[in-house]
1. Could you check segment 159-186 and list, in sequence order, the residues that are open to solvent by less than 70 Å² (accessible area, probe 1.4 Å), within 23 Å of ALA38 (Cα to Cα) and either among the β-branched types (Val, Ile, Thr) or in a helix (DSSP H, G or I) (or both)?
2. Could you please find all residues in segment 167-184 being under 21 Å from GLY219 (Cβ atoms), at pLDDT 90 or above and out of contact with any Phe, Trp or Tyr (no Cβ under 8 Å at 6 or more places or on another chain)?
3. Quick one: which helices (runs of 4 or more DSSP H) sit completely within segment 1-106 and have at least 3 residues that are touching a helix residue (DSSP H, G or I) at 6+ places or on another chain (Cβ under 6 Å) and of a type outside the set (Phe, Trp, Tyr)?
4. Yes or no: segment 187-207 includes at least one residue that is at pLDDT 95 or above, farther than 22 Å from LEU250 by Cβ and part of a strand (DSSP E or B).
5. Within segment 57-89, count every residue that is in contact (Cβ under 8 Å) with a residue 60 or more places away in the chain and open to solvent by 20 Å² or more (accessible area, probe 1.4 Å).
6. Quickly run through segment 208-228 and pick out the residues that are free of Cβ contacts under 8 Å to residues at least 60 places away in the same chain and assigned to a loop (DSSP other than H, G, I, E, B).
7. Could you list all residues from segment 187-216 that are on the phi < 0 side of the Ramachandran plot, open to solvent by 40 Å² or more (accessible area, probe 1.4 Å) and more than 24 Å from the chain's Cα centre (by Cα)?
8. I need a count of the residues in segment 229-250 that are open to solvent by less than 40 Å² (accessible area, probe 1.4 Å) and in a loop (DSSP other than H, G, I, E, B).
Amino acid sequence: QYFGREREVEAFVNRLRSQGFVAVVGPSGAGKSSFVQAGVVPSLPPGWRTVIVRPGATPIAAMAQRLVADGVVAGTPDEVAAALRADRDMLQRILGQDRQAQAAGLLLIVDQFEELVTLCPDPAERNAYADAIMAVADHSAATGANVRVIVTLRDDYLVRAEQLAPLRNRLSRGLQLLTTPSPDDLRRIFTEPARRLGYRFDDDALPDRVVEALADRPGALALLSFTASKLWDARDPQRKLLTRKAYDAL
């Protein structure tokens, strides 16, 4: 279960009902991927298919590999990649013809979208990839097709990404800013999973101490996750406790 950003998730899912493309943008460590994959995806209506890709150095080949692996399209990855390169509308046709997309809906998630400008050396491929994604969103807007696209993007690459011709003036219109959670939300993120499993802290002040140490730091969510995992590894299973001694040692 996803804790700490429930209201943001609900608002985001409502936004997807009417918007074909949304870019989740925030600093490194803000929890963009977990917000989408652990928060948004489980909140989608029943029956939705989710396809998750990362651009990497060869984004079109990576897209083709995932579509074939997930059973969205038949053929070999090389054949699908060639079709995607030849026709900007091929991706939207592939996704729109999926049975689950037609019956319920389909969500394409492009995680760590900044890889398109940091890892892919070919400008033509970068533009073709971005163009194919926007063709999906445009088709959904024009026809009402239940196919949506989410990209997650580090905020320090927002300008570089929007300089790609297919994305010019599009990222800003689909922007969803994701900042570090508030201290109250950080506390819930830290305490609720353990509480749901019947564990408590032997020092009631420990969660506040942890949050105060991390709240204003870059990557606070990643640091909190690391801390929680280490405390869980050092838990006292007999008494079902997370201990201050373990935190002090950490």
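The values are calculated or read from the model by the stated rules, or taken from the named source; none is laboratory data. Quantities reported herein were computed from a predicted structural model and do not represent experimental measurements. Here Cβ is always computed from backbone atoms with ideal geometry, including for glycine, and neighbour counts include all displayed protein chains. Each accessible area value is taken on the protein alone, full model and side chains, heavy atoms only, with ligands, DNA and RNA left out. Shrake-Rupley method; radii C 1.70, N 1.55, O 1.52, S 1.80 Å.
1. Matches in segment 159-186: THR180, ASP185, LEU186.
2. Passing the criteria: LEU177, PRO183, ASP184.
3. The helices (runs of 4 or more DSSP H) meeting that bar are 59-69, 77-86, 90-96.
4. No, there is no match, as no residue in segment 187-207 is at pLDDT 95 or above, farther than 22 Å from LEU250 by Cβ and part of a strand (DSSP E or B).
5. Looking only at that region, the number is 2.
6. ALA215, ASP216, ARG217
7. ARG195, ARG196, LEU197, ARG200, ASP202, ASP204, ALA205, ASP208, ARG209, GLU212, ALA213
8. Summing the residues that are open to solvent by less than 40 Å² (accessible area, probe 1.4 Å) and in a loop (DSSP other than H, G, I, E, B) in segment 229-250 gives 1.
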